[in-house]
Structures are given as C-alpha cells and as structure tokens.
1. Quick one: which of 3, 15, 61, 67 is at pLDDT below 85 and part of a strand (DSSP E or B)?
2. Considering only residues that are among the aliphatic types (A, V, I, L, M) and either at pLDDT 95 or above or not in a loop (DSSP other than H, G, I, E, B) (or both), which ones fall in the stretch 23-47?
Amino acid sequence: MNIRLGNSVISNAVISLFSKNGQLVKTLRINKNMNGGQIEIPISELPAGSYLLMLESMEGISRLPLIITR
C-alpha cells in the first residue's frame, strides 16, 4: 500500500496501523524529509478487515480508516 502525502513535508513521523479491536499491528518510522512523496506500507501479511491508520508528526495527528480486501 502506498500513501501519498500531498504537499506536506514530513520528517520524524510515525505511522501506526491498528486493528478494529484497537490492537497495534504495524508501526513505521519516517526519519527523512518527504516533500509530497509516497510512503510504502507493507500489508501483504495482514488479513482482510477494517483498520485505523494513524500518522503522528510535528504537524499533528491524522487518522484514516482503512479496509483491506483480498
């Protein structure tokens, strides 16, 4: 899965993926500047279902629902 960050400049951020039960299933740390770039999140080992993707950075916190289908 790829996430496009638009025109944001992101560094020292954390992307967390939570199951629908609130369990943390994956964490990715971003330590470089991303100016409108893409971030690849490997999800092939995750089962189909509903998840919550959370991006935490100096700019704030964003939460997005995510549905994985197989």
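The values are calculated or read from the model by the stated rules, or taken from the named source; none is laboratory data. Quantities reported herein were computed from a predicted structural model and do not represent experimental measurements.
1. Being at pLDDT below 85 and part of a strand (DSSP E or B) holds for just one of 3, 15, 61, 67, which is 3.
2. If the condition is that a residue be among the aliphatic types (A, V, I, L, M) and either at pLDDT 95 or above or not in a loop (DSSP other than H, G, I, E, B) (or both), then 24, 25, 28, 30, 34, 39 are the ones that fit.
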